[in-house]
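Some notes on the structure that comes next.
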Amino acid sequence: MASWSETAKKSGIKYFLVSFVDLFGVMRAKLVPAVAMDGVAKSGAGFAGFAAWFDMTPADPDVLVFPDQSTLIQLPWKPDVGWVTGDLVMDGKDVTQNPRQVLKRVIEKAAAQGFEMKTGVECEYFLISPDGNAISDGADHQAKPCYDQQALMRRYEVVAEICDAMIALGWKPYQNDHEDANGQFEMNWDYDSALSTADKHAFFKFMVKSIAEKHGLRATFMPKPFANLTGNGCHVHVSAWSKSGDNVFADETGELGISALGYHFMGGILNAAASLCAITNPTVNSYKRINAPRTLSGATWSPNTISYGGNNRTHMIRIPDSGRFELRLADGAANPYLLQAAVLAAGLDGIAGKRDAGKRLDINMYTHGHTVEGVKKLPLNLLDALRNLEGASLFGDAFGKDVVASYVALKKAEWDEYCRHLTDWERQQTLDC
(Lines give C-alpha, C1' and ligand atoms only; values in the text may rest on other atoms or scores of the structure.)
Protein backbone atom coordinates (compact mmCIF):
# COMPACT_ATOMS: atom_id res chain seq x y z
CA MET A 1 0.00 0.00 0.00
CA ALA A 2 1.28 3.47 -0.91
CA SER A 3 2.28 5.87 1.85
CA TRP A 4 -0.09 8.66 2.76
CA SER A 5 2.22 11.25 1.20
CA GLU A 6 2.40 9.22 -2.03
CA THR A 7 -1.39 8.88 -2.11
CA ALA A 8 -1.78 12.60 -1.52
CA LYS A 9 0.64 13.52 -4.29
CA LYS A 10 -1.02 11.17 -6.77
CA SER A 11 -4.56 12.35 -5.91
CA GLY A 12 -3.89 16.05 -5.42
CA ILE A 13 -4.87 15.94 -1.75
CA LYS A 14 -3.50 18.80 0.33
CA TYR A 15 -5.21 18.00 3.65
CA PHE A 16 -6.71 14.99 5.39
CA LEU A 17 -9.72 15.05 7.71
CA VAL A 18 -8.82 12.41 10.28
CA SER A 19 -12.22 11.61 11.67
CA PHE A 20 -14.21 9.50 14.12
CA VAL A 21 -17.82 9.33 15.31
CA ASP A 22 -18.43 9.59 19.07
CA LEU A 23 -21.07 7.79 21.17
CA PHE A 24 -23.74 10.34 20.26
CA GLY A 25 -23.03 10.00 16.54
CA VAL A 26 -21.28 13.36 16.24
CA MET A 27 -18.45 13.39 13.70
CA ARG A 28 -15.17 14.77 15.05
CA ALA A 29 -12.02 15.49 13.05
CA LYS A 30 -8.66 17.16 12.78
CA LEU A 31 -7.41 18.71 9.55
CA VAL A 32 -3.95 17.32 8.90
CA PRO A 33 -1.68 18.72 6.15
CA ALA A 34 -0.63 16.03 3.70
CA VAL A 35 3.07 16.59 4.48
CA ALA A 36 2.42 15.54 8.10
CA MET A 37 0.12 12.60 7.42
CA ASP A 38 2.77 9.84 7.38
CA GLY A 39 3.76 10.82 10.92
CA VAL A 40 0.14 11.00 12.09
CA ALA A 41 -0.52 7.55 10.65
CA LYS A 42 2.29 6.13 12.80
CA SER A 43 1.61 7.95 16.05
CA GLY A 44 -2.10 8.72 15.71
CA ALA A 45 -4.05 11.98 15.72
CA GLY A 46 -4.68 13.04 19.31
CA PHE A 47 -8.04 14.12 20.75
CA ALA A 48 -9.30 14.84 24.26
CA GLY A 49 -12.07 12.27 24.71
CA PHE A 50 -13.87 14.34 27.36
CA ALA A 51 -14.28 17.13 24.81
CA ALA A 52 -16.33 14.76 22.63
CA TRP A 53 -19.25 12.58 23.67
CA PHE A 54 -17.23 9.86 25.34
CA ASP A 55 -17.51 8.84 28.97
CA MET A 56 -14.12 10.25 29.94
CA THR A 57 -12.65 12.97 32.11
CA PRO A 58 -10.13 15.78 31.47
CA ALA A 59 -7.58 13.65 33.35
CA ASP A 60 -7.67 10.85 30.78
CA PRO A 61 -4.84 10.54 28.21
CA ASP A 62 -5.34 11.50 24.57
CA VAL A 63 -7.57 9.39 22.38
CA LEU A 64 -5.52 8.54 19.29
CA VAL A 65 -7.10 7.95 15.89
CA PHE A 66 -5.12 5.58 13.70
CA PRO A 67 -6.46 6.16 10.18
CA ASP A 68 -7.48 3.21 8.02
CA GLN A 69 -6.38 3.96 4.46
CA SER A 70 -9.11 1.68 3.06
CA THR A 71 -11.70 4.20 4.31
CA LEU A 72 -10.15 7.17 2.46
CA ILE A 73 -12.65 9.29 0.52
CA GLN A 74 -11.54 12.28 -1.53
CA LEU A 75 -14.24 14.90 -1.02
CA PRO A 76 -16.09 15.19 -4.36
CA TRP A 77 -17.04 18.80 -3.64
CA LYS A 78 -13.57 19.72 -2.31
CA PRO A 79 -11.10 17.31 -3.94
CA ASP A 80 -8.00 18.73 -2.27
CA VAL A 81 -9.28 17.25 1.01
CA GLY A 82 -9.38 13.54 1.90
CA TRP A 83 -11.64 12.13 4.65
CA VAL A 84 -10.53 9.06 6.57
CA THR A 85 -11.62 7.24 9.71
CA GLY A 86 -10.13 4.42 11.74
CA ASP A 87 -9.81 2.82 15.16
CA LEU A 88 -9.20 4.61 18.46
CA VAL A 89 -6.52 3.87 21.03
CA MET A 90 -5.98 5.39 24.48
CA ASP A 91 -2.98 4.62 26.66
CA GLY A 92 -2.02 1.76 24.35
CA LYS A 93 -5.41 0.06 24.52
CA ASP A 94 -8.41 0.02 22.19
CA VAL A 95 -11.13 2.54 23.08
CA THR A 96 -13.93 0.02 23.57
CA GLN A 97 -16.65 2.65 23.52
CA ASN A 98 -15.70 3.81 20.02
CA PRO A 99 -18.87 2.97 18.01
CA ARG A 100 -16.93 1.73 14.98
CA GLN A 101 -14.98 -0.71 17.13
CA VAL A 102 -18.20 -1.80 18.85
CA LEU A 103 -19.60 -2.69 15.44
CA LYS A 104 -16.45 -4.53 14.41
CA ARG A 105 -16.66 -6.71 17.54
CA VAL A 106 -20.27 -7.70 16.81
CA ILE A 107 -19.37 -8.39 13.16
CA GLU A 108 -16.64 -10.75 14.37
CA LYS A 109 -19.24 -12.68 16.40
CA ALA A 110 -21.41 -13.09 13.31
CA ALA A 111 -18.40 -14.16 11.25
CA ALA A 112 -17.62 -16.85 13.84
CA GLN A 113 -21.11 -18.22 13.16
CA GLY A 114 -20.41 -18.29 9.44
CA PHE A 115 -22.29 -15.32 8.05
CA GLU A 116 -22.16 -11.59 7.36
CA MET A 117 -24.95 -9.05 7.69
CA LYS A 118 -25.47 -6.77 4.71
CA THR A 119 -27.59 -3.67 4.93
CA GLY A 120 -28.82 -0.61 3.10
CA VAL A 121 -30.03 2.55 4.81
CA GLU A 122 -32.61 5.10 3.70
CA CYS A 123 -31.52 8.43 5.17
CA GLU A 124 -34.25 11.05 5.09
CA TYR A 125 -33.39 14.71 5.58
CA PHE A 126 -34.89 18.18 5.32
CA LEU A 127 -33.46 21.10 3.39
CA ILE A 128 -34.24 24.08 5.59
CA SER A 129 -33.43 27.76 5.90
CA PRO A 130 -30.00 28.65 7.35
CA ASP A 131 -31.61 29.77 10.63
CA GLY A 132 -33.45 26.43 10.92
CA ASN A 133 -36.88 27.98 11.37
CA ALA A 134 -38.60 26.76 8.19
CA ILE A 135 -38.18 24.57 5.14
CA SER A 136 -36.08 26.25 2.49
CA ASP A 137 -38.65 26.15 -0.33
CA GLY A 138 -41.66 28.38 0.29
CA ALA A 139 -43.38 26.95 -2.79
CA ASP A 140 -43.24 23.43 -1.37
CA HIS A 141 -46.67 23.37 0.27
CA GLN A 142 -48.66 20.48 -1.16
CA ALA A 143 -50.88 18.67 1.35
CA LYS A 144 -49.41 15.39 0.02
CA PRO A 145 -45.93 16.40 -1.19
CA CYS A 146 -44.40 12.91 -1.50
CA TYR A 147 -42.79 12.43 -4.93
CA ASP A 148 -43.70 16.02 -5.89
CA GLN A 149 -41.84 16.48 -9.17
CA GLN A 150 -41.86 20.29 -9.12
CA ALA A 151 -40.49 20.48 -5.57
CA LEU A 152 -37.87 17.84 -6.36
CA MET A 153 -36.65 19.74 -9.41
CA ARG A 154 -36.50 23.05 -7.56
CA ARG A 155 -33.79 21.40 -5.46
CA TYR A 156 -32.19 19.68 -8.47
CA GLU A 157 -28.81 21.39 -8.04
CA VAL A 158 -28.39 20.12 -4.48
CA VAL A 159 -29.79 16.63 -5.02
CA ALA A 160 -27.91 16.10 -8.29
CA GLU A 161 -24.59 17.21 -6.80
CA ILE A 162 -24.99 14.77 -3.91
CA CYS A 163 -26.01 11.95 -6.27
CA ASP A 164 -23.14 12.72 -8.67
CA ALA A 165 -20.78 12.49 -5.72
CA MET A 166 -22.13 9.07 -4.76
CA ILE A 167 -21.75 7.89 -8.36
CA ALA A 168 -18.14 9.09 -8.40
CA LEU A 169 -17.48 7.30 -5.12
CA GLY A 170 -18.83 4.02 -6.51
CA TRP A 171 -21.77 3.76 -4.11
CA LYS A 172 -24.20 2.94 -6.95
CA PRO A 173 -27.05 5.29 -6.03
CA TYR A 174 -30.27 4.29 -7.76
CA GLN A 175 -33.02 6.75 -6.88
CA ASN A 176 -33.70 10.14 -5.28
CA ASP A 177 -37.08 11.45 -4.26
CA HIS A 178 -39.02 14.12 -2.48
CA GLU A 179 -40.34 12.50 0.65
CA ASP A 180 -43.64 12.70 2.54
CA ALA A 181 -42.96 16.00 4.29
CA ASN A 182 -42.63 19.40 2.67
CA GLY A 183 -38.90 20.10 2.28
CA GLN A 184 -37.91 16.47 2.86
CA PHE A 185 -35.78 14.25 0.61
CA GLU A 186 -34.40 10.72 0.47
CA MET A 187 -31.51 9.29 -1.56
CA ASN A 188 -30.79 5.58 -1.89
CA TRP A 189 -27.64 3.67 -2.75
CA ASP A 190 -26.73 -0.03 -2.95
CA TYR A 191 -26.55 -2.23 0.12
CA ASP A 192 -23.17 -3.39 1.40
CA SER A 193 -21.51 -5.06 4.38
CA ALA A 194 -22.63 -3.58 7.71
CA LEU A 195 -19.30 -1.82 8.34
CA SER A 196 -19.13 -0.33 4.84
CA THR A 197 -22.73 0.84 5.12
CA ALA A 198 -22.00 2.46 8.48
CA ASP A 199 -18.93 4.26 7.08
CA LYS A 200 -20.97 5.46 4.09
CA HIS A 201 -23.88 6.49 6.33
CA ALA A 202 -21.58 8.60 8.51
CA PHE A 203 -19.97 10.21 5.48
CA PHE A 204 -23.34 10.73 3.74
CA LYS A 205 -24.62 12.90 6.57
CA PHE A 206 -21.45 15.00 6.45
CA MET A 207 -21.64 15.24 2.65
CA VAL A 208 -25.32 16.24 2.53
CA LYS A 209 -24.83 18.97 5.14
CA SER A 210 -21.70 20.26 3.39
CA ILE A 211 -23.24 20.42 -0.08
CA ALA A 212 -26.42 22.01 1.30
CA GLU A 213 -24.29 24.72 2.92
CA LYS A 214 -22.45 25.21 -0.35
CA HIS A 215 -25.84 26.10 -1.89
CA GLY A 216 -26.78 28.49 0.92
CA LEU A 217 -29.12 26.01 2.62
CA ARG A 218 -29.06 23.82 5.68
CA ALA A 219 -29.71 20.08 5.89
CA THR A 220 -31.02 18.35 9.00
CA PHE A 221 -31.50 14.67 9.82
CA MET A 222 -33.29 15.58 13.08
CA PRO A 223 -36.01 12.99 13.78
CA LYS A 224 -38.90 15.47 14.07
CA PRO A 225 -37.89 19.04 13.21
CA PHE A 226 -41.47 20.17 12.51
CA ALA A 227 -44.39 18.98 14.64
CA ASN A 228 -46.92 19.01 11.79
CA LEU A 229 -44.73 17.20 9.23
CA THR A 230 -43.49 13.63 8.84
CA GLY A 231 -40.21 12.99 10.66
CA ASN A 232 -36.85 11.79 9.36
CA GLY A 233 -36.59 8.02 9.41
CA CYS A 234 -33.50 5.94 8.72
CA HIS A 235 -34.95 2.64 7.56
CA VAL A 236 -32.54 -0.31 7.47
CA HIS A 237 -32.88 -3.13 4.92
CA VAL A 238 -31.32 -6.27 6.34
CA SER A 239 -30.10 -9.57 4.92
CA ALA A 240 -27.44 -12.09 5.93
CA TRP A 241 -25.00 -13.94 3.70
CA SER A 242 -22.90 -17.07 4.05
CA LYS A 243 -19.19 -17.21 3.33
CA SER A 244 -20.03 -18.90 0.03
CA GLY A 245 -22.10 -15.90 -1.04
CA ASP A 246 -25.61 -17.25 -0.42
CA ASN A 247 -28.38 -15.15 1.10
CA VAL A 248 -29.28 -17.17 4.21
CA PHE A 249 -32.50 -15.18 4.72
CA ALA A 250 -33.83 -16.33 1.33
CA ASP A 251 -36.03 -19.44 1.14
CA GLU A 252 -38.48 -20.05 -1.70
CA THR A 253 -40.53 -22.34 0.56
CA GLY A 254 -40.54 -19.93 3.50
CA GLU A 255 -43.37 -17.54 4.31
CA LEU A 256 -42.90 -14.47 2.08
CA GLY A 257 -39.61 -15.96 0.90
CA ILE A 258 -37.89 -15.67 4.31
CA SER A 259 -35.99 -18.59 5.85
CA ALA A 260 -36.43 -19.89 9.39
CA LEU A 261 -33.09 -18.30 10.29
CA GLY A 262 -34.34 -14.99 8.91
CA TYR A 263 -37.45 -15.17 11.08
CA HIS A 264 -35.36 -16.00 14.15
CA PHE A 265 -33.22 -12.94 13.36
CA MET A 266 -36.39 -10.85 13.13
CA GLY A 267 -37.65 -12.44 16.33
CA GLY A 268 -34.53 -11.21 18.10
CA ILE A 269 -35.16 -7.66 16.93
CA LEU A 270 -38.83 -7.78 17.94
CA ASN A 271 -37.89 -9.19 21.34
CA ALA A 272 -35.27 -6.48 21.92
CA ALA A 273 -37.27 -3.57 20.46
CA ALA A 274 -38.02 -1.80 23.74
CA SER A 275 -34.29 -1.56 24.56
CA LEU A 276 -33.14 -1.32 20.94
CA CYS A 277 -35.06 1.98 20.82
CA ALA A 278 -32.46 3.67 23.01
CA ILE A 279 -29.98 3.20 20.16
CA THR A 280 -32.18 3.45 17.06
CA ASN A 281 -34.07 6.44 18.51
CA PRO A 282 -31.45 8.11 20.71
CA THR A 283 -32.79 11.61 21.41
CA VAL A 284 -35.68 13.26 23.24
CA ASN A 285 -36.89 14.46 19.85
CA SER A 286 -36.94 10.87 18.51
CA TYR A 287 -40.08 10.05 20.48
CA LYS A 288 -41.95 12.93 18.90
CA ARG A 289 -41.61 10.95 15.67
CA ILE A 290 -42.54 7.40 16.73
CA ASN A 291 -45.39 8.54 18.97
CA ALA A 292 -46.63 11.34 16.72
CA PRO A 293 -50.24 12.16 15.83
CA ARG A 294 -51.22 12.33 12.16
CA THR A 295 -49.25 14.80 10.09
CA LEU A 296 -50.47 17.16 7.35
CA SER A 297 -50.03 14.36 4.79
CA GLY A 298 -52.36 12.08 6.76
CA ALA A 299 -49.85 9.61 8.28
CA THR A 300 -46.62 9.59 10.29
CA TRP A 301 -45.08 6.64 8.37
CA SER A 302 -43.31 5.69 11.61
CA PRO A 303 -44.08 2.70 13.85
CA ASN A 304 -45.54 2.87 17.33
CA THR A 305 -45.98 -0.86 17.95
CA ILE A 306 -43.62 -3.83 18.09
CA SER A 307 -45.03 -5.72 15.14
CA TYR A 308 -44.23 -6.97 11.65
CA GLY A 309 -46.10 -7.41 8.42
CA GLY A 310 -45.62 -8.10 4.75
CA ASN A 311 -45.33 -5.18 2.35
CA ASN A 312 -47.06 -2.96 4.90
CA ARG A 313 -45.48 0.30 6.07
CA THR A 314 -47.52 0.64 9.28
CA HIS A 315 -45.40 -1.96 11.10
CA MET A 316 -42.02 -1.73 12.79
CA ILE A 317 -40.72 -4.43 10.44
CA ARG A 318 -41.83 -4.75 6.81
CA ILE A 319 -41.07 -7.64 4.47
CA PRO A 320 -41.10 -6.00 1.03
CA ASP A 321 -39.44 -8.85 -0.84
CA SER A 322 -37.96 -12.31 -0.37
CA GLY A 323 -34.59 -12.62 1.34
CA ARG A 324 -34.67 -9.36 3.28
CA PHE A 325 -36.69 -7.22 5.64
CA GLU A 326 -36.92 -3.52 6.42
CA LEU A 327 -36.59 -2.20 9.97
CA ARG A 328 -38.54 1.07 10.02
CA LEU A 329 -37.79 2.00 13.62
CA ALA A 330 -34.56 4.00 13.40
CA ASP A 331 -34.47 7.74 12.80
CA GLY A 332 -32.02 10.31 11.48
CA ALA A 333 -30.31 10.79 14.87
CA ALA A 334 -29.16 7.16 15.09
CA ASN A 335 -25.42 6.64 15.38
CA PRO A 336 -24.45 5.01 12.06
CA TYR A 337 -22.22 2.42 13.75
CA LEU A 338 -24.28 1.64 16.85
CA LEU A 339 -27.36 1.29 14.64
CA GLN A 340 -25.74 -1.54 12.67
CA ALA A 341 -24.23 -3.08 15.80
CA ALA A 342 -27.55 -3.08 17.65
CA VAL A 343 -29.49 -4.64 14.77
CA LEU A 344 -26.87 -7.36 14.34
CA ALA A 345 -26.59 -8.05 18.09
CA ALA A 346 -30.37 -8.40 18.43
CA GLY A 347 -30.49 -10.63 15.37
CA LEU A 348 -27.71 -12.87 16.69
CA ASP A 349 -29.59 -13.20 19.96
CA GLY A 350 -32.68 -14.20 18.00
CA ILE A 351 -30.77 -16.88 16.12
CA ALA A 352 -29.08 -18.21 19.27
CA GLY A 353 -32.39 -18.43 21.12
CA LYS A 354 -34.45 -19.42 18.05
CA ARG A 355 -36.80 -16.61 18.96
CA ASP A 356 -40.26 -16.74 17.47
CA ALA A 357 -41.21 -13.66 15.45
CA GLY A 358 -44.85 -14.45 16.12
CA LYS A 359 -47.75 -14.10 13.75
CA ARG A 360 -47.52 -11.69 10.85
CA LEU A 361 -50.17 -8.97 11.01
CA ASP A 362 -51.75 -7.92 7.73
CA ILE A 363 -53.68 -4.95 9.08
CA ASN A 364 -53.24 -1.18 9.17
CA MET A 365 -51.66 -0.73 12.61
CA TYR A 366 -52.53 2.95 12.63
CA THR A 367 -56.26 2.28 12.41
CA HIS A 368 -56.71 -1.29 13.70
CA GLY A 369 -53.70 -1.91 15.93
CA HIS A 370 -55.87 -1.51 19.01
CA THR A 371 -57.96 -4.52 17.97
CA VAL A 372 -55.06 -6.97 18.34
CA GLU A 373 -54.41 -8.35 21.82
CA GLY A 374 -50.90 -8.59 23.17
CA VAL A 375 -49.19 -6.19 20.76
CA LYS A 376 -46.64 -4.17 22.70
CA LYS A 377 -46.10 -0.46 22.25
CA LEU A 378 -42.74 1.18 21.75
CA PRO A 379 -41.34 3.31 24.60
CA LEU A 380 -42.99 6.68 25.11
CA ASN A 381 -39.79 8.60 25.77
CA LEU A 382 -36.01 8.39 25.84
CA LEU A 383 -35.80 7.71 29.58
CA ASP A 384 -38.04 4.65 29.32
CA ALA A 385 -35.92 3.34 26.43
CA LEU A 386 -32.69 3.91 28.40
CA ARG A 387 -34.09 2.03 31.40
CA ASN A 388 -34.95 -0.85 29.10
CA LEU A 389 -31.42 -0.77 27.64
CA GLU A 390 -29.91 -0.90 31.14
CA GLY A 391 -31.84 -4.07 31.85
CA ALA A 392 -31.08 -5.77 28.52
CA SER A 393 -28.21 -8.18 29.03
CA LEU A 394 -27.90 -8.92 25.30
CA PHE A 395 -26.53 -5.44 24.52
CA GLY A 396 -24.23 -5.52 27.54
CA ASP A 397 -22.86 -8.85 26.34
CA ALA A 398 -22.55 -7.71 22.70
CA PHE A 399 -21.21 -4.18 23.19
CA GLY A 400 -19.55 -4.57 26.58
CA LYS A 401 -21.24 -3.69 29.87
CA ASP A 402 -18.97 -0.67 30.31
CA VAL A 403 -19.94 0.65 26.86
CA VAL A 404 -23.66 0.38 27.61
CA ALA A 405 -23.15 1.97 31.05
CA SER A 406 -21.26 4.89 29.49
CA TYR A 407 -23.88 5.38 26.79
CA VAL A 408 -26.75 5.30 29.28
CA ALA A 409 -25.01 7.67 31.69
CA LEU A 410 -24.35 10.26 28.98
CA LYS A 411 -27.87 9.94 27.58
CA LYS A 412 -29.47 10.25 31.03
CA ALA A 413 -27.48 13.43 31.55
CA GLU A 414 -28.94 14.68 28.26
CA TRP A 415 -32.43 13.78 29.49
CA ASP A 416 -31.87 15.60 32.81
CA GLU A 417 -30.70 18.69 30.93
CA TYR A 418 -33.83 18.56 28.79
CA CYS A 419 -36.07 18.31 31.85
CA ARG A 420 -34.24 21.17 33.57
CA HIS A 421 -35.31 23.58 30.83
CA LEU A 422 -38.99 22.65 30.79
CA THR A 423 -41.66 24.92 32.22
CA ASP A 424 -43.69 23.59 35.16
CA TRP A 425 -46.60 22.79 32.82
CA GLU A 426 -44.35 21.02 30.33
CA ARG A 427 -42.74 19.05 33.14
CA GLN A 428 -46.14 17.81 34.29
CA GLN A 429 -46.86 16.56 30.77
CA THR A 430 -43.54 14.69 30.50
CA LEU A 431 -43.19 11.42 32.37
CA ASP A 432 -40.40 11.14 34.95
CA CYS A 433 -39.13 14.73 34.68
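The values are calculated or read from the model by the stated rules, or taken from the named source; none is laboratory data. Just so you know, these numbers come straight off a predicted model, no measurement behind them. Note that we place each Cβ from the backbone using ideal geometry, even for glycine, and neighbour counts take in every protein chain shown. Please note that ligands, DNA and RNA were not included when accessible areas were found on the heavy atoms of the full protein model with its side chains. Shrake-Rupley method; radii C 1.70, N 1.55, O 1.52, S 1.80 Å.
Computed about its Cα centre, the charge dipole of the chain is approximately 60 debye, with only Lys, Arg, Asp and Glu carrying charge at their Cβ.
In this model, which of LYS9/LYS78; LYS118/LYS411; LYS93/LYS243 are farther than 26 Å apart at the alpha-carbon? LYS118/LYS411; LYS93/LYS243, as the Cα separations exceed 26 Å there. For LYS200, the aspartates and glutamates whose Cα falls under 13 Å of its own Cα, not counting residues fewer than eight places away in the same chain, are GLU122, ASP190, ASP192. Between the listed residues ALA409, LEU327, GLY396, the Cα displaced farthest toward the positive end of the dipole of the stretch 284-433, a dipole computed from Cβ unit charges relative to the Cα centre, is found at LEU327.
Farthest toward the positive end of the dipole of the stretch 187-226, out of PRO225, ALA202, ASN188, is the Cα of PRO225, where the dipole comes from beta carbon charges about the Cα centre.
Rounded to the nearest 500, the helix-only mean residue ellipticity at 222 nm of the chain stands at -11000 deg cm²/dmol, with each DSSP H run of n ≥ 4 adding -39,500 (n - 2.57). Shown here for the stretch 167-261: GluC sites (Glu not before Pro) in loop regions (DSSP other than H, G, I, E, B) with at most 12 other Cβ atoms within 10 Å, namely GLU252. Dipole size of the stretch 218-335 about its Cα centre, with +1 on Lys/Arg Cβ and -1 on Asp/Glu Cβ: approximately 660 debye, rounded to the nearest 20.
At a probe radius of 1.4 angstrom, the accessible area of the chain per residue rounds to 43 square angstrom. Anyone know which of GLN101, GLN175, GLN69 comes out most mobile in the 10 Å Cα GNM of the chain? Greatest mean-square fluctuation among the candidates belongs to GLN175. Comparing VAL208, VAL81, VAL375 in a Gaussian network model of the chain (Cα springs below 10 Å), the most mobile by mean-square fluctuation is VAL375.
Working note: Debye formula, equal point scatterers on the alpha-carbon atoms of the chain, no solvent; log10 I(q)/I(0) at q = 0.08, 0.09, 0.10, 0.13 Å⁻¹ is -0.45, -0.57, -0.72, -1.25. Legend: P(r) of the stretch 1-124 from all alpha carbon pair distances, 5 Å bins from 0, whole percents, reading 2, 10, 18, 20, 17, 15, 12, 5, 0. Principal axis extents of the Cα atoms in the stretch 225-317, from largest to smallest and rounded to whole angstrom, are 46, 25, 21.
Got a sec? Charge dipole of the stretch 1-158, +1 on Cβ for Lys and Arg, -1 for Asp and Glu; which of GLN142, TRP83, GLN69 is way out at the positive end? It is GLN69, whose Cα lies furthest towards the positive end.
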